Amino acid sequence: MTCESFRDIQAEFSWVPVICRKAASARRLLHIGSANTWVAAELRWLKQLKDENAKLRKVIADVGANEDGEGQSFMQHREKEDRNLDGKCLVSIGMPVYNEERYIEQALQSLLSQSVEDFELIISDNASTDRTGEICLVYAAKDPRVRYYRMETNLGSIANFNRVFQVSNGTYFFWASGHDIRHETFIARCVEILEQDTSVVLCYSGARWLEPDGRLDDVMSGHVETRGMSHQVLRFLTVIWGLGGFAHQSNGIMRSDALKRTSLIRNTIGPDVLLLHELALLGTFAEVSEPLLSIRRLPDYGSWHHYFVKGFGPAAKRRSARYLYSKMIYEHVRVVVKHTNRFRRKVALVPSVILCMLTKYKWVLQGLRSLDA
C-alpha cells in the first residue's frame, strides 16, 4: 500500500479514534444495560423450565407409541433426559432457531444421525411464530439427547446464540442452524483431531452452499489452518487475512474450555468473525478439507435490514453506520489487548487489525450506510 493511499484511509476514517474513545467511555453503561437484559432473560428461562413438563406431556400424548410400538411415559422420558444432563457429554450442539419450520427437520435429522452418538442437542426457540416449536417438541419427546427451550420474546440471534452455550455441558461445542446440513461423519472427523492435538481450539470442515431448492453449489473460500504455528502473532494474522467473505469456520467444533475464555457472540456487527479472531489468539485451527457442511443460502441472504433485525432483535435501537462500524473496530482491538500479554505483541497486532478492518472489511461500512438511507 502506498503512503498516499494510507493517508487517504486516514483522512476518510479520521473519526474512528474519536468514536472508539466515546465507545470506551460508555462501556460500563452499556455493560450495565446488558446485565439487566440478561437478568430478565434468566427469569424467562426459569419459567420456561417450569412449563416444559406440561408441554412434553401433551406432545407424548399426541405422538403415542414410539417406533418400537411401546409407549413411553413422561417419567421415563424425564429419567433418560436427567441421566444425560447429570454427566458431561462429549459434544454439545447449540441450535438457536427462529421460524425454521421449512428446513428444521432436515437439519435435526442430519445431526441425530451422526456416527458419534455421545452428544446433547440444545434448541433455543427465539419466540417463533410458525410450527418450529411443535416440530422440535416432537423430536425432544423421541430422543432424550434433545432439549427444547422457548423464549417468550424475540431477543435477537446474538442473545440466543450465547444462551445455548451457557446451558451446555460438553467437552466440545458447536453451533448449528435450523436449515444447514452436516454429513454424518462431521462430528467424528472433527473430534478425532481435537482429541489428538490439544493445541487445537477449533476444528472446522470445508463447506459449500446449499441452494433453497436443494442444489449444492460452490465450495466456500477461506483456509485458516494454523496447526504448527506456535507464535500467537502469526496465527492471528493468518486468520484475520485468510478468512473468506462468509466465515463458515464459525460452524466448526470448538473446545468448550477455550470458548469460555472468550466473550462469546458480542453485540456487534460481524460477531462470528470477531469470535474467530479471538479464538486465534488462544490456540490453533484445524481444517478437514472435505466439505462436510452444507450451508443453505436463504432468500434474504445479503439483506442488511434482515441481518440487523435478526442479529439485534426487532426492538433494537437503530444506530448510525459510523457508530456500528466503529464499534466493530473497537471490539477487535479489545480482544487483541485482552489476550496478548506482551507489549510488543500488542504494538504489532493492534495496527494490523485496524488496517484489516479499514481495508478488507470496508464493504461492511458501505452495507451499513444502506440502512441509513
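Condition check ((1) closer than 29 Å to Val97 by Cα; (2) within 19 Å of the chain's Cα centre (by Cα)) across all residues:
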site: Ser294; (1), (2): yes, yes
site: Arg297; (1), (2): yes, yes
site: Tyr301; (1), (2): yes, yes
site: Phe312; (1), (2): yes, yes
site: Arg322; (1), (2): no, no
site: Val336; (1), (2): no, no
site: Cys356; (1), (2): no, no
site: Leu371; (1), (2): yes, no
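In this structure, does Leu264 turn out to be surrounded by fewer than 20 Cβ atoms within 10 Å (Cβ to Cβ) and touching a residue at least 40 places away in the same chain (Cβ under 8 Å)?
On the way: surrounded by fewer than 20 Cβ atoms within 10 Å (Cβ to Cβ): yes; touching a residue at least 40 places away in the same chain (Cβ under 8 Å): yes.
Yes: the conditions hold for Leu264.
Looking at the stretch 157-168, can you tell me whether even one residue there is touching a residue at least 60 places away in the same chain (Cβ under 8 Å) and part of a strand (DSSP E or B)?
Taking every residue of the stretch 157-168 in turn, none turns out to be touching a residue at least 60 places away in the same chain (Cβ under 8 Å) and part of a strand (DSSP E or B).
For a quick check of your reading of the model, give me the residue pairs whose first member lies in the stretch 109-138 and is at positive phi, whose second is crowded, with 16+ Cβ neighbours inside 10 Å and of a type in the set (Phe, Trp, Tyr), with beta-carbon atoms closer than 7 Å and at least 6 apart or on different chains.
none
Taking into account only those residues within the stretch 216-249 that are among the hydroxyl-bearing types (Ser, Thr, Tyr) and surrounded by fewer than 21 Cβ atoms within 10 Å (Cβ to Cβ), which is farthest from the chain's Cα centre (by Cα)? Steps first, answer last, please.
First pass over the stretch 216-249, keeping only residues among the hydroxyl-bearing types (Ser, Thr, Tyr): 221, 226, 230, 238.
Right, trim to surrounded by fewer than 21 Cβ atoms within 10 Å (Cβ to Cβ) and you get 221, 230, 238.
On the way: Ser221: 19, Ser230: 26, Thr238: 21 Å.
Top of the filtered list is Ser230.
Would it be correct to say that Gly170 is of a type outside the set (Phe, Trp, Tyr) and either crowded, with 20+ Cβ neighbours inside 10 Å or modelled with pLDDT of 95 or more (or both)?
Values: of a type outside the set (Phe, Trp, Tyr): yes; either crowded, with 20+ Cβ neighbours inside 10 Å or modelled with pLDDT of 95 or more (or both): yes.
Yes, satisfied.
Is it the case, given these coordinates, that Ser157 is closer than 22 Å to Lys310 by Cα and modelled with pLDDT under 95? Let's see the steps before the verdict.
Values: closer than 22 Å to Lys310 by Cα: yes; modelled with pLDDT under 95: yes.
It is true that Ser157 is closer than 22 Å to Lys310 by Cα and modelled with pLDDT under 95.
So that you can scan it fast, the table gives a plain yes or no per residue for (1) under 15 Å from Ile295 (Cβ atoms); (2) polar (S, T, N, Q); (3) outside any strand (DSSP E or B); (4) touching a helix residue (DSSP H, G or I) at 6+ places or on another chain (Cβ under 6 Å):
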| position | (1), (2), (3), (4) |
| --- | --- |
| Gly222 | yes, no, yes, no |
| Thr226 | no, yes, yes, yes |
| Val233 | no, no, yes, yes |
| Thr238 | no, yes, yes, no |
| Trp241 | no, no, yes, no |
| Phe246 | yes, no, yes, no |
| Ser263 | no, yes, yes, no |
| Arg266 | no, no, yes, yes |
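Does the stretch 176-191 hold any residues that are closer than 28 Å to His305 by Cα and surrounded by fewer than 20 Cβ atoms within 10 Å (Cβ to Cβ), and which are they?
Answer for the stretch 176-191, where residues must be closer than 28 Å to His305 by Cα and surrounded by fewer than 20 Cβ atoms within 10 Å (Cβ to Cβ): Ser177, His179.
Scanning for something basic (Lys, Arg), assigned to a strand (DSSP E or B) and either farther than 20 Å from Leu108 by Cβ or touching a residue at least 60 places away in the same chain (Cβ under 8 Å) (or both), does the stretch 189-208 turn up at least one residue?
Taking every residue of the stretch 189-208 in turn, at least one turns out to be basic (Lys, Arg), assigned to a strand (DSSP E or B) and either farther than 20 Å from Leu108 by Cβ or touching a residue at least 60 places away in the same chain (Cβ under 8 Å) (or both).
The values are calculated or read from the model by the stated rules, or taken from the named source; none is laboratory data. These numbers come from a predicted model, not from an experiment. Note that each Cβ is placed from the backbone with ideal geometry, even for glycine, and that neighbours are counted across all protein chains shown.
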